[in-house]
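Engineer: A single structure is presented below for examination.
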Amino acid sequence: MTDQDLKYCFEKYGSPIYVFDTQELKSRVRDIAGIWGDKVKLCYSIKANPFLMKDMLEVVDKLEVCSPGELEICKNLNVQGEHIIFSGVNKTKEDIDAAVDLDCYVYTIESLKHAALLQEAAKSRNINIDVYIRLTSGSQFGLSKEDLFYILDNLSSYSNLNIMGLHYFVGTQRKKLSQQVDELHMLHDLYEEISSKYCIKLERLEYGPGLPVPYFEGEDFSDTLKPAKELAETLQWVTTWCDLTVEMGRFYTSSCGYYITKIVDIKSNKDNNYMLVDGGMNHVTYLGQIMGMKVPQIRHLKNVKETFAGDERSLTSGDYVLCGSLCTTADILVRQLHLEDASVGDILAFGNIGAYSVTEGIYMFLSRLMPKIVLFDGNDQSGEPVTRLVRDNVKSSDLNTMIN
């Protein structure tokens, strides 16, 4: 998005707001698909940003849904079950019943309890359903190899479950790609062991590589698709022994998002110059936490339509502690941000915020308004931006008010 596009969104919708560039998003996903080839299927984990899921369905094969709430979002948006991989821990009987009633594409087994509940749901409907067994990487997610083999040893107890393959995911922002290569070779050996021991050929694999993206000044933005290119050969090898689906969220979406906030005050207290914005740490998170010691990519956009009517001694150029509007000393977005010719009313647009901030922010804190969410669909033939308001401001004060 150009500076003019961002200003247009600010002038039309106000601030603070999130803006997600759907054209950039779909172009990036198509580039990833081109790098990996037609045999590698793509899955979008909607926890990264549920407001992008309908646009993502134009460029990916499946959506990964990890909670009953996310399943409800899919139902509300008329997403067909054939596009849904129903995953996540703590699947209750009610959750599984809702997913099976929607006829999801596949269901993941995270525990022996899940296996029993899925079997019960399928048997009660006199149907068979496809499942993946999630193999743990050593965390609270998935089953141990021993529990995996227990299920395979007792297949008669799971006669309504078609065990199609495994699901494997370790974590995100994983920069040592040798780890992913080792994991995929480990999974190949496990598939071979299962084939030899049980005479079962697992047909599919859902794999989350957790590829890294750059966020902060000083990181390498020269080729943000480089990790996909480096892993391509190994992924293409995997397609020779199973049907591979790669699940990601952050790597698809981070670069398409902007958070727009307005400078509301500038002052100097003792040895620090402070700049306050109308947003705050409740809206902006990178890597699941406030990163005040790092500097995100931020565009400073002059806003000549709003003049500063305050203290003329306020600073206009220099290094600032960038703070939000919350009544806590923790509300620091950047410890040291250098800006030239900054004025109250100017706009700051945080880049690379397409993943997680919209769902990870501490939105209930201090009962501030939750930001509007806007999708930017490019420009029309006259050059005018095309936008969609997909969520208006939400009053968190309503959510923080007790029932009488």
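The values are calculated or read from the model by the stated rules, or taken from the named source; none is laboratory data. This is a predicted model, so every value here is computed, not measured. In this analysis, Cβ positions are derived from the backbone assuming ideal geometry, glycine residues included, and neighbour counts consider all displayed protein chains. Areas reflect the complete protein model, heavy atoms only, side chains present, ligands, DNA and RNA absent. Shrake-Rupley method; radii C 1.70, N 1.55, O 1.52, S 1.80 Å.
Engineer: For the chain, report the accessible area per residue in Å² (1.4 Å probe, heavy atoms, rounded to an integer). List each step's numbers first, then the result.
Structural biologist: On the way: 18490 Å² over 404 residues.
Per residue, the chain has 46 Å² of solvent-accessible surface.
Engineer: Under a plain spin-label model, where a point goes 7 Å from the Cα along Cα-to-Cβ, how far apart in nm are Asp220 and Tyr198?
Structural biologist: Spacing of the two 7 Å Cα→Cβ label points: 4.1 nm.
Engineer: Next question, about the same structure. Any idea what the relative contact order of the chain is, in percent, if you count C-alpha pairs under 8 Å spaced at least 6 apart?
Structural biologist: Values: 779 pairs, mean separation 76.6, N = 404.
So the answer I get is 19 percent.
Engineer: Continuing with this model, one more query. What order do Asp147, Asp392 take when sorted by accessible area (1.4 Å probe), most exposed first?
Structural biologist: Details: Asp147 55, Asp392 85 Å².
The ordering from most to least exposed comes out as Asp392, Asp147.
Engineer: Can I ask one more? Figure the gain on full extension for Ser382 and Arg335 (residue separation times 0.36 nm, minus the Cα-Cα span) and round it to one decimal in nm.
Structural biologist: Numbers: separation 47, 0.36 × 47 = 16.92 nm, distance 4.11 nm.
Gain on stretching Ser382 to Arg335: 12.8 nm.
Engineer: Using a/c under 1.5 as the rounded threshold, could you call the range 62-202 rounded, prolate or oblate? The axes a ≥ b ≥ c are square roots of the C-alpha gyration tensor eigenvalues, and prolate needs a/b larger than b/c, oblate otherwise. Show your work: numbers first, answer last.
Structural biologist: On the way: a/c = 1.99, a/b = 1.22, b/c = 1.63.
Oblate shape, in that a/c is at least 1.5 and b/c is the bigger or equal ratio.
Engineer: Still on this model: Where a Cα-Cα gap under 20 Å defines reach, which aspartates and glutamates qualify for Lys197, not counting those fewer than 8 residues away within the same chain?
Structural biologist: Straight-line reach from Lys197, under 20 Å: Glu146, Asp147, Asp153, Asp189.
Engineer: What ranking, highest mean first, results for peptides 162-174, 68-80 when packing means the other Cβ atoms within 10 Å averaged over each residue? Walk me through the numbers on the way to the answer.
Structural biologist: On the way: 162-174: 19.4, 68-80: 14.7.
Descending mean neighbour count gives 162-174, 68-80.
Engineer: Quick check on the chain: of the DSSP beta bridges with both residues there, what percent are antiparallel, nearest 5%? It would help to have the intermediate numbers written out before the result.
Structural biologist: Details: 32 of 71 bridges.
Of the beta bridges lying entirely in the chain, close to 45 percent run antiparallel.
Engineer: A further question on this structure: When you count, for each residue, the other Cβ atoms within 10 Å and take the mean per peptide, how do 266-274, 253-261 rank with the highest first? Mind dumping the intermediate values first?
Structural biologist: Details: 266-274: 12.7, 253-261: 26.1.
Highest mean packing first, the order is 253-261, 266-274.
Engineer: Give me the lysines in straight-line cross-link reach of Lys262: C-alpha distance below 16 Å, same-chain residues under 8 apart excluded.
Structural biologist: Lys7, Lys12, Lys302, Lys305, Lys372
Engineer: Checking the a/c ratio against 1.5 first, then a/b against b/c, what shape does the Cα gyration tensor give for the range 1-126? Walk me through the intermediate numbers first.
Structural biologist: Details: a/c = 3.08, a/b = 1.87, b/c = 1.65.
Cα axes put the range 1-126 in the prolate bin.
Engineer: If I stretch the segment between Ser178 and Arg30 completely, what's the gain in nm (0.36 nm per residue apart, minus their alpha carbon distance), one decimal?
Structural biologist: On the way: separation 148, 0.36 × 148 = 53.28 nm, distance 2.46 nm.
Length gained between Ser178 and Arg30: 50.8 nm.
Engineer: Show me the helices of the chain, taken as full DSSP H stretches, that run 30 Å or more along their long axis by Cα and average -1.0 or above in Kyte-Doolittle hydropathy. Don't jump to the answer; show the numbers that get you there.
Structural biologist: Values: long enough: 177-198 (31 Å, -0.64).
Passing helices, by number: 177-198.
Engineer: If you roll a 1.4 angstrom probe over the protein chains with everything in place, what fraction of the accessible area of the chain belongs to carbon and sulfur, to the nearest %?
Structural biologist: Values: 8890 of 18490 Å².
Reported share for carbon and sulfur atoms: 48 percent.
Engineer: Something else now. Contour minus end-to-end for Lys267 and His300, with contour as 0.36 nm per residue of separation and end-to-end as the Cα-Cα distance? It would help to have the intermediate numbers written out before the result.
Structural biologist: On the way: separation 33, 0.36 × 33 = 11.88 nm, distance 1.79 nm.
The Lys267-His300 span can extend by a further 10.1 nm.
Engineer: Then there is this: Would you mind classifying the chain by shape? Square roots of the alpha carbon gyration tensor eigenvalues, ordered a ≥ b ≥ c; an a/c under 1.5 is rounded, otherwise it is prolate if a/b is larger than b/c and oblate if not.
Structural biologist: On the way: a/c = 2.25, a/b = 1.94, b/c = 1.16.
Prolate shape, in that a/c is at least 1.5 and a/b is the bigger ratio.
Engineer: Which peptide among 294-303, 13-22 comes first, and what is the full order, when sorted by highest mean count of other Cβ atoms within 10 Å?
Structural biologist: Details: 294-303: 16.6, 13-22: 22.9.
Highest to lowest by the protection proxy: 13-22, 294-303.
Engineer: Right, another one. With +1 on each Lys and Arg Cβ and -1 on each Asp and Glu Cβ, and nothing else charged, work out how big the dipole of the chain is about its Cα centre, in Debye to the nearest 20.
Structural biologist: Values: 41 positive and 57 negative charges, 89 e Å.
My answer is approximately 420 debye.
Engineer: Under 18 Å from the Cα of Lys229, which lysines turn up, not counting those fewer than eight places away in the same chain?
Structural biologist: Counting by Cα, and skipping residues close in sequence, Lys229 has these lysines nearby: Lys26, Lys39, Lys41, Lys175, Lys176.
Engineer: Are there trypsin sites (Lys or Arg not before Pro) in the range 98-134 that DSSP marks as loop and that have at most 16 other Cβ atoms within 10 Å, and which are they? Mind showing how you got there, number by number?
Structural biologist: Working: sites: Lys113, Lys123, Arg125, Arg134; in loops: Arg125.
Answer by residue number: Arg125.
Engineer: Towards the positive end of the charge dipole of the chain, with charges on Cβ (+1 Lys, Arg; -1 Asp, Glu), say which of Leu369, Phe20, Val181 has the farthest Cα.
Structural biologist: Towards the positive end, the residue furthest out is Leu369.
Engineer: If you average the sequence gap of Cα pairs under 8 Å that are 6 or more apart and divide by the length of the range 78-154, what percent do you get for the contact order? Don't skip to the answer; put the middle values down first.
Structural biologist: Details: 91 pairs, mean separation 21.0, N = 77.
Relative contact order, the range 78-154: 27 percent.
Engineer: I want to check the label-to-label distance for Lys395 and Asp319. Put each point 7 Å from Cα in the C-beta direction and report it in nm to one decimal.
Structural biologist: Here the answer is 4.3 nm between the modelled labels.
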